[in-house]
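First the structure, in the form of structure tokens, and then the observations on it.
The values are calculated or read from the model by the stated rules, or taken from the named source; none is laboratory data. All of these numbers come straight from a predicted model, not from anything done at the bench. Backbone-built Cβ (ideal geometry, glycine too); neighbour counts: all protein chains shown.
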Amino acid sequence: MAEQVDEYFTAAVSALPDSAQTRRARLDDPVEPDSTLSVRQALDLFDAQLGSRHLDLAARWLRSRGKGYYTIGSSGHEGNVAVAAALRPTDPALLHYRSGGFFLARAQQVDNGDGLRDVLLGIVAATEEPISGGRHKVFGRHDLHIIPQTSTIASHLPRAVGVAFSIDRAAELGLALSWPHDSIVVCSFGDASANHSTALGAINTAVNAAYQGVRMPILFVCEDNGIGISTRTAPGWIASAFEARAGLEYFAADGSDLPAVHASAAAAAQWVRERRRPAFLHMTTVRLMGHAGSDLEAAYRTPGEILADLERDPLLHTAKFLVRAGCLTPAEVLAMYEDKRAEILELAEEVGELPQLAGAAAVVKPITDALAEAATITPVGPARTSAVDAGEPLTVARAINGALVAVLTDYPGAMVFGQDVARKGGVYCVTRGLLKKAGPLRVFDTVLDEQAILGLALGAGVAGMLPIPEIQYLAYLHNAADQIRGEGATLQFFSNRQYRNPMVVRIAGYGYQKGFGGHFHNDNAIAALRDIPGIIIASPARPDDAAAMMLTCAAVTHATGTPCVYLEPIALYNTRDLHDDGDDQWLAPCQDAALRVPVGSARTYGDGTDLTIVTYANGLRMGLRVARRLEQRHGISVRVVDLRWLAPLPVEDILREAHATGRVLVVDETRRSGGVSEGVVTALVDDGFTGAIRRVTSEDSFIPLGDAALTVLLDEDTIEAAAVKLVHQ
Ligand SMILES: Cc1ncc(C[n+]2csc(CCOP(=O)(O)OP(=O)(O)O)c2C)c(N)n1
Ligand SMILES: [Mg+2]
């Protein structure tokens, strides 16, 4: 079906008076007096605008033939070609999904033109597509320094702030970086997205950091078409919200006016580049052809509104301007327009026949490759053991502290940050002394915003550093989990591992804090983490494992780019005893030989033959205590398996230890629904294990305050009773 925008453009250009007959502009002249654009640049940018428009039309054509899978377009937003032109091709870019123009203009700067085919490859989900390998239609290319984004609006802003932060922080630390040290970050998004708390938090983080003198070279670009799908943004809202924000320099331009966008974008980019502070470019645009191919715009907009937008079509404006300026005749504009259509349709026809990902193994390869690599890595490095090993038995808290010192020593790009981690040294003193040892550039307190903390890590990781953010309590992961899930975990997937996301997210969690907290300090919900494809979840219980697993996580994430989550059992931080007061059996030296714990390897205690207890974290201590009682009181001989890694689960170890006794009791301090035990039992069933399987868990409940907490948390008596019943049934 012919698109109205197509016909309108052709008719409007045909009707233009021909002024170029009398005055021919020279290519190196400014396109108009005092313009920041030359005629040559303007013509190139018009070419990118035409390319972007015809890609949108081709997307619909491909869709109508069952060959294309994505029709959200850039039509009306093509003014963003001038934003690309105002930047350097090495400035990292995290882009809105209407960035066809930006992408093509940047591709022109680097290799003159190849961008068209790339976008089409994305639309048809071809494996040849250069960034995601056919996994998603994204704007991204490693050599263009465009980092691909997911479709979750605004979720890329925290990472963008993190990248901006890392550019200057890396320079201050003397570290190598993927981008020149005077780079700036550009991050674009829509007007509706600008209201998202994730966007507002990120902008706030940038402004807050700059306010404190932290360098923050980021240009936020709001492409304001006045609508989000069908919901209008109140006229003037974006200006009202951002124009007078202290610490955020505001620039504005009409996105249909190519020279004006270029002038504003160039001024904004220069401002950010020189001052290393955040700025906001408000580009007003129109949205042509609806939200996506499937969107019937007529259902919620009047014909008059749609027509008014067609009149503001940026292509039409550039065409009129170029004709008026004597750069092109209307006939030449139309010839360029039709030539571009023909070029793109020919390419579209070709790419429509290209292979797509075939088979699940091909789809998940970025994940499986990373995890396979991860399993082979154990930490190495001369600074490591001397730093962790104090020679004396340590608590879990001190072991983690020592391991963090070792990581900061071994990896110049390692940074430890979060709420209260630096000056206070952590709520539980786990990071005590690190600030003094590694300095304020590498150990620092952040704003009180978990999305911002994770965003800093996401940005630092993609910039090549080794971020170790802390989430103060597991309960507070949940308001920011998408930064791990939608951003951290997907980056290698959607970039075919061309971009990596190293980070070790430390989270203090689990229950059993006696007399303290309530649900927010005692949270045992980790299902939201366990179902994220491709991340590694470490859950140490004992000091030696805690040290070793931190070192493993650092080495693995550094080498493979896989995000690691490291769950710290708060209740065991300062535990000393296992069975009896003063036995000191929960302390452990953290010496070299023990400090090699590969990802996905469990640890077995004892060689009992009657029962295998499978557990982790606080469950390990309870399980070991119950095991002794079972031997002493009931004559039941038990082996206890500490999973240590909750993703990927150590399935081989579980199966081996299960077969050794024929009876498995899963002791899971998390919830009955969505807890770890479901994964363990499933692994046994999947393997065809025919022995007895039981599980004991905490309740499907939030954890209340005071002693009532104990009523919903798994306890030793329950474990003991279940074990006796299982063995004697
Ligand atoms: C977090 C999230 N919620 C909802 C959506 C669904 N969605 C996709 S685009 C969109 C509207 C975005 O509008 P705007 O930011 O103005 O960008 P525009 O499409 O107008 O360029 C919505 C609600 C999403 N992608 N992400
Ligand atoms: Mg919008």
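Per-residue answers, yes or no, for (1) in contact with a helix residue (DSSP H, G or I) (Cβ under 9 Å, 6 or more places away or on another chain); (2) surrounded by fewer than 24 Cβ atoms within 10 Å (Cβ to Cβ); (3) within 25 Å of residue 264 (Cβ to Cβ):
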residue	(1), (2), (3)
30	yes, yes, yes
37	yes, yes, yes
44	yes, yes, yes
52	yes, no, yes
60	no, yes, no
68	yes, yes, no
77	yes, no, yes
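Can you find a residue that is among the aromatic types (Phe, Trp, Tyr), more than 16 Å from ligand 2 (Cβ to nearest atom) and at pLDDT 95 or above anywhere in the stretch 257-278? So far as the stretch 257-278 goes, yes, one or more of its residues are among the aromatic types (Phe, Trp, Tyr), more than 16 Å from ligand 2 (Cβ to nearest atom) and at pLDDT 95 or above. When the stretch 47-91 is limited to residues that are among the hydroxyl-bearing types (Ser, Thr, Tyr) and away from ligand 2 (no atom under 16 Å from the Cβ), the one that is farthest from the chain's Cα centre (by Cα) turns out to be 64.
When each of 229, 203 is tested for being among the aliphatic types (A, V, I, L, M), under 28 Å from the mean Cα position of the chain (by Cα) and on the phi < 0 side of the Ramachandran plot, the lone residue that passes is 203.
If you check residue 185 against the conditions, is it closer than 14 Å to residue 162 by Cα, surrounded by fewer than 22 Cβ atoms within 10 Å (Cβ to Cβ) and at pLDDT 95 or above? So residue 185 fails the test.
Does residue 476 satisfy the criteria of being of a type in the set (Ser, Thr, Tyr), within 20 Å of residue 369 (Cα to Cα) and surrounded by fewer than 24 Cβ atoms within 10 Å (Cβ to Cβ)? Judged against the criteria, residue 476 is not a match.
For the stretch 314-335, a tally of residues being small (Gly, Ala, Ser) and at pLDDT 95 or above returns 3.
Rundown of residues vs (1) in contact with a Gly (Cβ under 9 Å, 6 or more places away or on another chain); (2) touching a residue at least 12 places away in the same chain (Cβ under 8 Å), yes/no style:
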{"site": "552", "(1), (2)": "no, yes"}
{"site": "563", "(1), (2)": "yes, yes"}
{"site": "582", "(1), (2)": "no, no"}
{"site": "612", "(1), (2)": "yes, yes"}
{"site": "619", "(1), (2)": "no, yes"}
{"site": "623", "(1), (2)": "no, yes"}
{"site": "628", "(1), (2)": "no, yes"}
{"site": "642", "(1), (2)": "yes, yes"}
{"site": "645", "(1), (2)": "yes, yes"}
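Matching residues to (1) touching a Ser or Thr at 6+ places or on another chain (Cβ under 7 Å); (2) within 16 Å of ligand 1 (Cβ to nearest atom); (3) more than 30 Å from residue 240 (Cβ to Cβ); (4) not in a loop (DSSP other than H, G, I, E, B):
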position	(1), (2), (3), (4)
104	yes, no, yes, yes
118	no, no, yes, yes
128	no, no, yes, no
133	yes, no, yes, no
155	yes, yes, no, no
166	no, no, yes, yes
169	no, no, yes, yes
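Can you tell me which condition residue 126 does not meet? The list is (1) within 23 Å of the chain's Cα centre (by Cα); (2) of a type in the set (A, V, I, L, M); (3) closer than 22 Å to residue 343 by Cα, and all the others hold. That leaves (1) as the condition not met. Residues in the stretch 434-488 that are more than 18 Å from residue 404 (Cβ to Cβ) and not in a helix (DSSP H, G or I): 447, 448, 449, 463, 464, 473, 477, 478, 479, 480.
You will find that of 610, 581, the residue that is modelled with pLDDT of 95 or more, surrounded by fewer than 22 Cβ atoms within 10 Å (Cβ to Cβ) and farther than 22 Å from residue 667 by Cβ is 581 and no other. Within the bounds of the stretch 165-181, is there any residue that is closer than 20 Å to residue 96 by Cα and surrounded by 18 or more Cβ atoms within 10 Å (Cβ to Cβ)? Within the stretch 165-181, not a single residue is closer than 20 Å to residue 96 by Cα and surrounded by 18 or more Cβ atoms within 10 Å (Cβ to Cβ).
Counting only residues that are touching a helix residue (DSSP H, G or I) at 6+ places or on another chain (Cβ under 6 Å) and either among the aliphatic types (A, V, I, L, M) or in a helix (DSSP H, G or I) (or both), the stretch 598-617 holds 5 of them. Considering (1) within 29 Å of the chain's Cα centre (by Cα); (2) within 16 Å of ligand 1 (Cβ to nearest atom); (3) surrounded by fewer than 17 Cβ atoms within 10 Å (Cβ to Cβ), the lone condition that residue 296 does not fulfil carries the number (1). Residues in the stretch 410-437 that are among the β-branched types (Val, Ile, Thr) and without any contact (Cβ under 8 Å) to a residue 40 or more places away in the chain: 431 only.
Return the only residue of 709, 683, 658, 692 being small (Gly, Ala, Ser), in contact with a Phe, Trp or Tyr (Cβ under 9 Å, 6 or more places away or on another chain) and more than 29 Å from residue 522 (Cβ to Cβ). Just one listed residue meets the conditions, 658. When the criteria are applied in full, residue 25 fails the requirement of being in contact with a Phe, Trp or Tyr (Cβ under 8 Å, 6 or more places away or on another chain) and in contact (Cβ under 8 Å) with a residue 12 or more places away in the chain.
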